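Written below as structure tokens is the structure these notes are about.
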Amino acid sequence: MDRKKVLFICVHNSGRSQMAEAFLKQMAGDRFEVESAGLEPGALNPLIVEVMKEIGIDISQNKTKSVFDFYRQGKQYDYVITVCGQSQAAKCPVFPGAVQQLHWGFDDPSAFKGSWQEKLEKTRQVRDEIKQKIKEWIK
């Protein structure tokens, strides 16, 4: 069976798309080839690294990647899934040539306000929402 190719995209590839990539690889890496990228790649969000580490997934060595680099390389995907929140929906990129384009909106942890602990709690909620969405999607 050929593995379906999936690309998760958000604005910076520093959080939501990284989590989605990690979860899909963990849950169904035998069925999917998974990558993630961003419109404006930034630095990996330390909140994301922390909440993923809490559940036994280490993404601390991941690099952020540019969706434009993947496009220039001629990559093709069966599914391109954008994970930008409502406030960033206009900036959330599309990827030409995708067989199926999906949008799953999640809040952006880099925009959370409050103490480290408060931001961590909100980021855990986003992590759990992404994990649940991946579980439902792969059924």
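Each value in this text was obtained by applying a stated rule to the coordinates, not by laboratory testing. The structure displayed is predicted, hence computed values, not measured ones. No Cβ is skipped: glycine too gets one built from the backbone with ideal geometry, and neighbour counts run over all protein chains shown.
What does the helix-only formula give at 222 nm for the chain: each DSSP H stretch with n ≥ 4 adding -39500 (n - 2.57), the total divided by the residues, and the result rounded to the nearest 500 deg cm²/dmol?
Dividing the helical sum by the residues of the chain leaves -11500 deg cm²/dmol.
Using 1/(1 + (r/R0)^6) with R0 = 22 angstrom and r between the beta carbons of residue 104 and residue 3, what's the FRET efficiency to the nearest 0.05? Walk me through the intermediate numbers first.
Numbers: r = 20 Å, r/R0 = 0.93.
Computed FRET efficiency for residue 104 and residue 3 comes out at 0.60.
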| query | Which pairs, out of 63/131; 4/139; 5/113; 4/53; 25/75, put more than 24 Å between their alpha-carbon atoms? | reply | 5/113; 4/53
| request: Could you list which residues have their amide H under 5 Å from that of residue 12, counting only those 5 or more apart in sequence or on another chain, with H placed in the peptide plane? | output: 39, 40
| Roughly speaking, what is the stretch gain from residue 59 to residue 26, that is 0.36 nm per residue apart minus the C-alpha to C-alpha distance, in nm to one decimal? | 10.7 nm
| note | Ordered by number, the trypsin sites (Lys or Arg not before Pro) in the range 21-70 that occupy a DSSP loop and have at most 12 other Cβ atoms within 10 Å are 63
| Interatomic Cα distance distribution for the range 4-132, bins of 5 angstrom, percent | 2, 12, 22, 26, 21, 11, 5, 1, 0
| Selected from 101, 132, 47, residue furthest toward positive end of dipole (the range 4-132; charges at beta carbon) | 101
| said: At a 10 Å Cβ-Cβ cut-off, how would you order 77, 71, fewest neighbours first? | reply: 71, 77
